[in-house]
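The values are calculated or read from the model by the stated rules, or taken from the named source; none is laboratory data. All figures in this text were calculated on a predicted structure; none of them were measured in a lab. Heads up, the Cβs are rebuilt from the backbone with ideal geometry, glycines too, and the neighbour counts pull from every protein chain shown. All accessible areas refer to the heavy atoms of the entire protein, side chains included, with ligands and DNA or RNA removed. Shrake-Rupley method; radii C 1.70, N 1.55, O 1.52, S 1.80 Å.
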Amino acid sequence: MQDWKLHICTSKFCVADNETGGEDGLVGNVNKLMVTPPGYTGPPKKGHIVFDACFESGNLGRVDYISEFEFDLFIRPDTCNPRFRVWFNFTVENVRETQRVIFNIVNFSKTKSLYRDGMSPVVKSTSRPKWQRLPAKNVYYYRCPDHRRNYVMSFAFCFDREDDVYQFAYCYPYTYSRLQHYLASLERRNLDYLLREQLGLSVVSHCMFAHCVAARLCCCHMILQKSFLVC
């Protein structure tokens with residue numbers, strides 16, 4: 001497998017002067033959103049990046065064009081908890097080979113993050129479907145005065161294949177569907193010590209289950225994970 005080509009870009013991290021609307025106006029994920037320079041009216045070109053988060057566990061509510069090399073990204077908050085903003089998962093396409101970018105996730109809600117201690121986002125692409133972590137040296141987590149003093153995570157990346165669709169995420173995604181598939185496989189084994197019962201529905205109509213293991217030991221796992229609360 002070819003290594004990712006990653007480079008630090010030199011553009012300024014926080015240059016947006018006006019942030020009208022902010023995360024308060026985020027009501028849905030971006031859907032095949034092509035981001036072009038302000039005032040551009042010509043036909044789409046390679047390098048006009050198309051962002052998408054309309055898939056299970058996706059989260060990206062807004063994209064601001066800062067420069068040819070830099071984009072501010074706003075993530076949507078958790079369902080029923082508008083002050084909690086951590087998870088992101090989105091794809092980009094229509095890139096140029098060797099195109100270098102900086103993505104700034106500008107509205108994190110956490111004051112502390114493992115990104116400050118060496119963790120980094122994960123990436124995969126059409127031709128390389130296995131998740132890989134970005135080099136920690138290309139990731140920065142800091143409080144930014146130009147974004148209401150929110151915490152910002154910036155990472156640099158260089159695209160190396162024009163026809164690939166690239167996907168970036170906070171960490172390795174584990175979707176609701178994948179979890180349900182795994183739990184159903186356990187149920188089909190008819191194990192004597194496992195009992196699965198539905199307790200109810202979440203606010204987005206996903207099932208919540210109780211899983212009882214062994215005769216008298218009951219472990220209730222509310223399937224309320226990030227992967228579907230933001231959908």
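Some values worked out for this structure:
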{"read-out": "Kirkwood Rh and Cα Rg combined as Rg/Rh, the range 61-214", "value": "1.06"}
{"read-out": "Distant-in-sequence amide H partners of residue 84 (H built 1.01 Å from N, under 5 Å)", "value": "78"}
{"read-out": "Ranked packing of 86-92, 137-143, most packed first, by mean Cβ within 10 Å", "value": "86-92, 137-143"}
{"read-out": "Solvent-accessible area, 1.4 Å probe, carbon plus sulfur percent, for the range 33-169", "value": "51"}
{"read-out": "Which listed pairs, of 32/130; 110/137; 46/112; 45/110; 32/112, have C-alpha distances above 28 Å, in listed order", "value": "46/112; 45/110; 32/112"}
{"read-out": "Cβ-derived FRET efficiency at R0 35 Å, residue 109 paired with residue 182, nearest 0.05", "value": "0.75"}
{"read-out": "Listed residues 146, 163 arranged by accessible area, highest first, probe 1.4 Å", "value": "163, 146"}
{"read-out": "Cut-off under 5 Å, modelled amide H: who pairs with residue 75 long-range", "value": "61, 106, 107"}
{"read-out": "Residue (of 129, 75, 43) at the positive-pole extreme of the range 33-169, dipole from beta-carbon charges", "value": "75"}
{"read-out": "Under Karplus coefficients 6.51, -1.76 and 1.60, residue-wise ³J(HN,Hα) of the range 122-139 in Hz, glycine/proline x", "value": "10, 9, 8, 9, 4, 7, 10, x, 8, 4, 9, 7, 6, x, 4, 5, 9, 10"}
{"read-out": "Accessible area expressed per residue, the range 111-174, with surrounding protein chains retained (probe 1.4 Å, Å²)", "value": "48"}
